[in-house]
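The values are calculated or read from the model by the stated rules, or taken from the named source; none is laboratory data. Computed from a predicted model, the values in this text were never measured in an experiment. Backbone-built Cβ (ideal geometry, glycine too); neighbour counts: all protein chains shown. The protein model used for the area step is the full one, side chains on, heavy atoms only, and it has no ligands, DNA or RNA in it. Shrake-Rupley method; radii C 1.70, N 1.55, O 1.52, S 1.80 Å.
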Amino acid sequence: MKNLLSITDFSVQEIDQLLSVAQDIIANPEKYNEKCKHKILATLFFEPSTRTRLSFESAMLSLGGSVLGFSDANSSSASKGESVSDTIRVVSCYSDIIAMRHPKEGAPFVASMVSSVPIINAGDGGHNHPTQTLADLLTIKTEKGRLDNLTVGFCGDLKFGRTVHSLIEALARYKGIKVVLISPKELTIPDYVKSDVMDKNNMDYVETTDLEQVMPQLDVLYMTRVQQERFFNEDDYLRLRDSYILTLDKLSNAKPDLSILHPLPRVNEIAVDVDNDSRACYFKQVANGRYMRMALILKLLGIE
Ligand code: NCD
């Protein structure tokens, strides 16, 4: 049985297949609307979410399946002290596939050890978020026509931003990717991502604090929110939260075909005027997330 705990659970070839299925779903949605009839997706969100949970639910409903679950740990037995393992053992009796989000790194892995149905990691603490990566990859592929030979800037909270860690892991396996890491000194990419992902794959990367200086090189700019919930100290958050605010002014020396991505929710990192610029792709990214989750559910359930 296959799970999606980290994006490296899929080979590049499997990711390419998911991208093709998602493109086919976009072109022929009616072909897919009964594929998951009588199948149940459980969404277990021990940590708040809007788009990821609704995206999963919308994906399953669009495939003709049903959904159940909870959106808040306080409304589950976790609030009575139940362990993740017990919750998963129980829910795998009620469902065919589980998407879970948890504040603790590694919780989906623990779940996968006891589950009798496939587990999807919908975000574990500051660690990974592989289904956001699927949405990001489809967006880059659609906008740029390729997933290789690109200069990709990551800007904001690279320390706690799990979407950043997962997307770098995915891109490390494509050729000719250059990564530009733009963050305040306090929020640089974790050492394990450097050693185990970027160095290991001989990825070309640079670190900087200056967004405007590197802007002209970028093909893709991935903006991120400063992850307030992972800070120990409110003062640090307040000091760092507005480190980078993307405005039309700052885009004046960007490539005309730059693609601006953001996993959302946005707080202040992108001025709303940028939304109307043709380079803004973050709402298309939301739509792509749903198609990729549909493709993923089909794959993990073994449905053609
Ligand atoms: C991201 C997450 O939860 O990590 N959001 C999402 O799933 N689209 C990014 C964030 O919360 O900043």
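Observations on the model:
- Computed over the Cα atoms of the range 19-67, pair by distinct pair, the Kirkwood hydrodynamic radius stands at 11.6 angstrom.
- Taking the Cα centre of the chain as reference, the dipole from Cβ charges on Lys and Arg (+1) and Asp and Glu (-1) amounts to some 720 debye.
- Projecting the Cα atoms of 158, 114, 216 onto the dipole axis of the range 84-219, where Lys and Arg carry +1 and Asp and Glu carry -1 at the beta carbon, places 114 farthest toward the positive end.
- Of the peptides 116-125, 156-165, the order by per-residue mean of other Cβ atoms within 10 Å, starting with the highest, comes out as 156-165, 116-125.
- Proximal charge balance of residue 185 [Cβ under 11 Å; K/R count +1, D/E count -1]: -1
- Counting lysine pairs in the range 120-216 whose alpha carbons fall under 22 angstrom apart, excluding pairs fewer than 8 residues apart on the same chain, gives 13.
- Sum of side-chain charges, residue 233 neighbourhood, beta-carbon under 12 Å (Lys, Arg +1; Asp, Glu -1): -2
- Positive-end extreme of charge dipole, the chain - chosen from 92, 243, 170 (charges on Cβ): 92
- With K and R counted +1 and D and E -1, the other residues having a Cβ less than 12 Å from that of residue 57 yield a net charge of +4.
- The share of C-alpha pairs in the chain whose separation exceeds 29 Å stands at 34 percent.
- Beta bridges per DSSP, both residues in the chain: antiparallel share near 5 percent.
- Spatial extent of the range 189-304: Rg and Dmax, with the Cα atoms as the point set, Å: 17.1, 51
- Its Cα centre serving as origin, the range 52-105 has a Cβ charge dipole (Lys and Arg +1, Asp and Glu -1) of approximately 60 debye.
- For the range 22-181, a Kirkwood hydrodynamic radius built from all Cα pairs, placed in the Stokes-Einstein relation at 20 °C and 1.002 mPa s, yields a translational diffusion coefficient of 126 µm²/s.
- For the chain, accessible area per residue (1.4 Å probe, heavy atoms of protein chains only), Å²: 43
- The chain, helix-only ellipticity at 222 nm - DSSP H runs n ≥ 4, -39,500 (n - 2.57), divided by all residues, nearest 500: -10000 deg cm²/dmol
- Think of each Lys and Arg Cβ as +1 and each Asp and Glu Cβ as -1; about the Cα centre, that makes the dipole of the range 219-266 roughly 80 debye.
- Of all accessible heavy-atom area on the chain, the percent that carbon and sulfur account for (1.4 Å): 48
- Percent of beta bridges antiparallel (DSSP, the range 1-157, rounded to nearest 5): 5
- For the chain, the relative contact order works out to 20 percent when only alpha carbon pairs closer than 8 Å and six or more residues apart are counted.
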